[in-house]
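The values are calculated or read from the model by the stated rules, or taken from the named source; none is laboratory data. The shown structure was predicted, so the numbers you read here are calculated from the model rather than taken from an experiment. All Cβ positions, glycine included, derive from the backbone under ideal geometry; neighbour counts span all protein chains shown. Quick note on the areas: whole protein, heavy atoms, side chains included, nothing else; ligands and nucleic acids left out. Shrake-Rupley method; radii C 1.70, N 1.55, O 1.52, S 1.80 Å.
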Amino acid sequence: MNAEAPLSLSHPPAPRAECAGRGQMAFAIIAGPLAWFVLVCAGQALASQPCFPGGHRYPQPLPGLHWTWPALIALLALCVLVAFAALIVAWRLYQATRTEEAGRDSGLLDEGVGRTRFMALWGLLYSAGFCVATLFSLAPYLALPRCAG
Amino acid sequence: MNRADDRAPALGTVSPGLEHRLHELWEGEGGLKGFLSTVDHKKIGLRYIVTAFTFLLLGGIEALIMRLQLAGPNAHLLSPEQYDQLFSTHGMTMIFLYASPILSGFSNYLWPLILGTRDMAFPRVNALSYWIYLASGIFLYVGFLTGNGPNDGWFNYVPYALRDFNPGMNQDFYSLGMVLLGTSTTVGAANFIVTAMRTRAPGMSINRAPMLLWGTLTANVANLLVVPAVSLAFFLLWLDRQFGTHFFDVRAEGQPLLWQHLFWIFGHPWVYAIVLPAMAFVSDALPVFCRRPLVGYPLVALSTVATMVLGFGVWVHHMFATGLPALGMSFFSAASIAIVVPSSVTIFSWLATIWHGRPVVTTAFMFFASTIILFVIGGVSGFMTASVPVDWQLTDTYFVVAHLHYVLIGINLFPVLGAIYFWFPKMTGRLLDERLGRWNFWLIFIGFNLAFLPMHLTGLFGMPRRVYTYGPDMGWNTLNLITSVGSFVIAIGVVLLLVNVVKSRRSGALAGPNPWGAHTLEWSIPSPPPPYNFALIPAVASRHPLWEAELHEEVRSSLDRGLMLDKGKETLGTTPLDALPDMILRMPEDTVAPFVLTLGLALLFTGMILKVWLLMLAGALVLTASLLVWLWPRRELREREPAHG
């Protein structure tokens, strides 16, 4: 229908849509939360398995499962990096689209006009927020004994 | 929903001829056949609301009986077994049969109206979702009324739910009923998601969509992801009980904690699924009474989604007392605390909207504004239990019961009651009585706080949950009596609401299309809406199509001139992000197929519970036949090519 449609929108919602690739936008919005979620699920498994396999508890990690600790730290670092990369992409997208609609940035926060910069703002806040949340997950690793509980 | 053809739709203005043509096309049959075959989202939405409200009343009666039992020590109104079934059925009813379906009802009714379209994307699936919901509710209540209701709490922990400890049919009814209900929720969720993505009015890009779209969409994406977990858990439990498998049987190396993981992976996102659409009611309706747009709309929409994202990572906080390792729990504790951030954004947005607005205090406004207070109380107690050491002290006490009621009544029932006062005029054409409404509000608000605020203390004083009675020297007598009195005050308030609905439906003041001077599309059409909703598909240029002049916006939505789409039962398909016109969608006619399919499913599940193979076979045959009729490709919908050119 597109080519023949007589209806043209008087006020297109995303005049700067071409400035933001869909893949980039998806990465900026999804990567941060996804990295955090992977860390929560995989982190729980890696932290628990050496001390609490099945129904038994051990005061020290089982021999042969010591690799889980460096794996956990490596996973955390990777997740932080992914979220940080998303933050950089989101920042670039936001810079490219912030003039999508007339008005100051506060207008965006209040009204959300301009679909592309609206999404770029989401990417910015999600990736920043989940980057910090993922980084904070380091605290229990450092503070808690490995097999406590 | 099928693509109709490649023609360009005509633009036009409203005329009596157009309205007549559309009425002919969209008006369904009357009588019993019409009742069973309708796919109109408005009728289905109202059925959802009425059915869910009926379950709310049943759950409320169950609560009142429990409160009579607990009003004083050593009471013998109920036996321990009866009490077990009653509190479990109360939880099941309120959480599964009321809290989510009532929101589906409102969203079913309202979505096509707020989105500027003529129906949901899959109207037949919509009907199927309702019929299966009704069938599962009846199925579960047949169990309860025959003494086979759930008796192990709504969360149904193993090993108590296994056959050795629970030999009756109670758990079989619950397991199969929940699998059935899961089917309804899943197909309904798919329908909501496609409707949100493909049928918004042209120009309604995602940043111009009402908050109700964000709330319901987020909830349904979550449902689609997590409902299979609980359906699987209940199915595995049924296999353990009936076929001797050992998924949860610790004696055969099964894992009791597997049940808790599967249940709460579903259960906690479900909590958000039953509050986020209700919070969206507040976000959309509160600004109407404040006479200004919602403060910080993009942040509130973002917070809605963020709440659900974080909600996927908090399920273990229901399992802090199960002996999981501290390091593992720390992740979930942190996530449970972090969820305060997006919730607070919404709270502060509502407060700022009231602060910067010119509030008009109506009954609906009072219900919405009081949600803020109750949300904060429920949020603070939730924040407390997110901390592992505090949770160890409070778990399984009445403190947690108080917390969950502040969340579920405060952020579900109160917004729903506000929504009834707000949208009743749209649904019926008449306003609810404001004087009765004030009585209604104050009785429920005071009764609720009388019942549940002292309950925090009851829990802190050590009263455990799920006990059918208590001794006179425990120090809980007065607090329990106050809670019981409060629960009956709530009941009087609910009765007043029913009186108001019946009275106002008959003789309430006429509402007109927009009695509140609201800003979204549903208020641009008559009350109640005609069968086709919009004679012309509107084109949207802002988030407040009806307030553009008031807000001195530079843009103007097109409501008087739009696409006519009167060549058949049609609506417009638009693109997911920007809602650009994409295709004409042919909508299906009424059919009894969803109803017959549900009958087949009900027969199948009845056969499974009774272990009557013939009944199961009959159910499977009916189900297959109705699917064939439903899905058989039809030439007029272009599902298959004509035989000769």
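For the protein assembly as shown, with the dipole built from +1 on Lys and Arg beta-carbon atoms and -1 on Asp and Glu ones, taken about the Cα centre, which of B:L110, B:V376, B:G600 lies farthest toward the positive end?
B:L110
If you average the C-alpha positions of the stretch B:240-278 and of the stretch B:134-169 separately, how far apart do those two centres end up, in angstrom?
The distance from the Cα centre of the stretch B:240-278 to that of the stretch B:134-169 comes to 15 Å.
Probe radius 1.4 Å, ligands and nucleic acids ignored: give me the carbon and sulfur share of the accessible area of the stretch B:71-153 as a rounded percent.
Working: 1280 of 1970 Å².
After summing per-atom areas, the C and S share lands at 65 percent.
Kindly report the accessible area of the protein assembly as shown per residue (heavy atoms of protein chains, probe 1.4 Å, no ligands, DNA or RNA), in Å².
It amounts to 38 Å² per residue over the protein assembly as shown.
For chain B, what does -39500 (n - 2.57) per DSSP helix run (n ≥ 4), summed and divided by total residues, give at 222 nm, in deg cm²/dmol to the nearest 500?
Working: 21 runs with 391 residues, N = 645.
Estimated from H runs of four or more residues: -20500 deg cm²/dmol.
Which shape class applies to the protein assembly as shown: rounded if a/c is under 1.5, otherwise prolate when a/b exceeds b/c and oblate if not, where a ≥ b ≥ c are the square roots of the Cα gyration tensor eigenvalues? Present the calculation step by step, with values, prior to reporting the outcome.
Numbers: a/c = 1.42, a/b = 1.25, b/c = 1.14.
Rounded.
How far apart, in nm, are the 7 Å Cα→Cβ label points at B:R435 and A:A148?
About 6.4 nm separates the two model spin labels.
Counting only protein heavy atoms, probe 1.4 Å: which residues of the stretch B:193-212 lose 30 Å² or more of accessible surface in the full assembly compared with their chain by itself?
Residues shielded by partner chains are B:I206, B:N207, B:R208.
Test of the criteria: in the stretch A:6-63, which trypsin sites (Lys or Arg not before Pro) are in a DSSP loop and have at most 16 other Cβ atoms within 10 angstrom of their Cβ? Show your work: numbers first, answer last.
On the way: sites: A:R16, A:R22, A:R57; in loops: A:R16, A:R57.
Hits after loop and neighbour filter: A:R57.
Taking amide H positions as placed in the peptide plane 1.01 Å from N, state which residues far from B:A75 in sequence (5 or more) or on other chains have amide H under 5 Å from it.
B:Y470
In debye, nearest 20: dipole of the stretch B:240-360 around its Cα centre with unit charges on the Cβ of K, R (+) and D, E (-)? Spell out each step's value before the answer.
Numbers: 5 positive and 4 negative charges, 105 e Å.
So the dipole magnitude of the stretch B:240-360 works out to roughly 500 debye.
Just name one of B:L70, B:N166, B:T469: the one whose Cα is farthest towards the positive end of the charge dipole of chain B (beta-carbon charges, Lys/Arg +1, Asp/Glu -1).
The residue sitting farthest along the positive end of the dipole is B:L70.
Can you list residues whose amide H is under 5 Å from B:T245's amide H, if they're 5+ apart or on another chain and H is modeled 1.01 Å from N?
Residues meeting the criterion, in which the H sits 1.01 Å from N, are B:D240.
I need the chymotrypsin sites (Phe, Trp or Tyr not before Pro) found in the stretch B:405-499, filtered to DSSP loop residues with at most 15 other beta carbons within 10 Å of theirs.
Details: sites: B:Y406, B:Y421, B:F422, B:W423, B:W439, B:F441, B:W442, B:F445, B:F448, B:F452, B:F461, B:Y468, B:Y470, B:W476, B:F488; in loops: B:F461, B:Y468, B:Y470, B:W476.
Taking the stretch B:405-499 and a limit of 15 other Cβ atoms within 10 Å, the loop chymotrypsin sites (Phe, Trp or Tyr not before Pro) found are B:F461.
Answer with one residue from B:F365, B:I339, B:V502: the one whose Cα lies farthest towards the positive end of the charge dipole of chain B, charges on Cβ with Lys, Arg +1 and Asp, Glu -1.
Farthest towards the positive pole: B:V502.
Which whole-Hz couplings ³J(HN,Hα) result when phi for each residue of the stretch B:608-623 is put into the Karplus expression 6.51 cos²θ - 1.76 cosθ + 1.60, θ = phi - 60°, listed in order with x for Gly and Pro?
5, 6, 8, 6, 9, 4, 4, 5, 4, 5, 4, x, 5, 5, 4, 4
Normalised by the residues of the stretch B:528-645, what does the relative contact order come to in percent, with Cα pairs under 8 Å and at least six apart?
Once divided by the residue count of the stretch B:528-645, the mean separation gives 15 percent.
As a test of the formula, what do you get for chain A when each DSSP H run with n ≥ 4 contributes -39,500 (n - 2.57) and the sum is divided by the residue count, at 222 nm and rounded to the nearest 500 deg cm²/dmol?
Values: 5 runs with 92 residues, N = 149.
That calculation yields -21000 deg cm²/dmol at 222 nm.
Working with all protein chains in place, sort B:I537, B:I65, B:I138 by solvent-accessible area computed with a 1.4 Å probe, largest first.
Largest accessible area first, the residues go B:I138, B:I65, B:I537.
With a 1.4 Å probe and all protein chains kept in place, how do A:E100, B:E589 rank by accessible area, largest first? Walk me through the intermediate numbers first.
Details: A:E100 15, B:E589 100 Å².
Result, largest first: B:E589, A:E100.
Kindly identify residues of the stretch A:113-131 having a loss of at least 30 Å² in accessible area between the isolated chain and the assembly of all protein chains, probe radius 1.4 Å.
Buried by the other chains: A:R115, A:F118, A:M119, A:W122, A:L125, A:Y126, A:F130.
Which ³J(HN,Hα) values in Hz, rounded to whole numbers, follow from the phi angles of the stretch B:157-163 under the Karplus curve 6.51 cos²θ - 1.76 cosθ + 1.60, where θ = phi - 60° and Gly and Pro get x?
Whole-Hz 3J(HN,Hα) from phi for the stretch B:157-163: 5, 7, x, 4, 7, 6, 5.
Quick query: amide H of B:T591 versus all other amide H atoms, modeled in the peptide plane; which residues come in under 5 Å with a sequence gap of 5 or more or a different chain?
Here B:V39 satisfy the definition.
Before anything else, pin down the relative contact order of chain A: Cα pairs under 8 Å, at least 6 apart, normalised by residue count, whole percent. Display every interim value, and only then the final one.
Working: 165 pairs, mean separation 58.7, N = 149.
Reported relative contact order: 39 percent.
In debye, nearest 20, what is the charge dipole magnitude of chain B about its Cα centre with +1 on Lys and Arg Cβ and -1 on Asp and Glu Cβ, if you could check?
The dipole of chain B has a size of about 860 debye.
Can you pull out the GluC sites (Glu not before Pro) in the stretch B:6-81 that DSSP calls coil and that have at most 14 other Cβ atoms within 10 Å?
Answer by residue number: B:E27, B:E29.
Read phi for every residue in the stretch A:113-125 and hand back ³J(HN,Hα) as whole Hz from Karplus 6.51 cos²θ - 1.76 cosθ + 1.60, θ = phi - 60°, with x for Gly and Pro.
Taking θ as phi minus 60°, the curve returns 6, x, 5, 5, 6, 4, 6, 5, 4, 4, x, 4, 6 Hz for the stretch A:113-125.
If a paramagnetic tag sat 7 Å from the Cα of B:N74 along the Cα-Cβ line, which residues of the stretch B:462-495 would have the backbone N under 12 Å from that point?
Correct set: B:470-474.
Using unit Cβ charges (K, R positive; D, E negative) and no other charged atoms, how large, in debye to the nearest 20, is the dipole of the protein assembly as shown about its Cα centre? The partial results should precede the final answer.
Numbers: 48 positive and 45 negative charges, 69 e Å.
The dipole of the protein assembly as shown has a size of about 340 debye.
Can you pull out the buried accessible area for chains B and A, both sides counted, probe 1.4 Å, rounded to the nearest 100 Å²?
So the total buried area for this chain pair works out to about 4200 Å².
Step through the table entries B:K42/B:K567; B:K42/B:K569; B:K43/B:K569; B:K43/B:K503, compare each Cα-Cα distance with 19 Å, and write down the pairs that go over it. Intermediate values should be presented prior to the final figure.
Values: B:K42/B:K567 22 Å; B:K42/B:K569 16 Å; B:K43/B:K569 17 Å; B:K43/B:K503 21 Å.
Going by Cα-Cα distance, B:K42/B:K567; B:K43/B:K503 fall outside the 19 Å limit.
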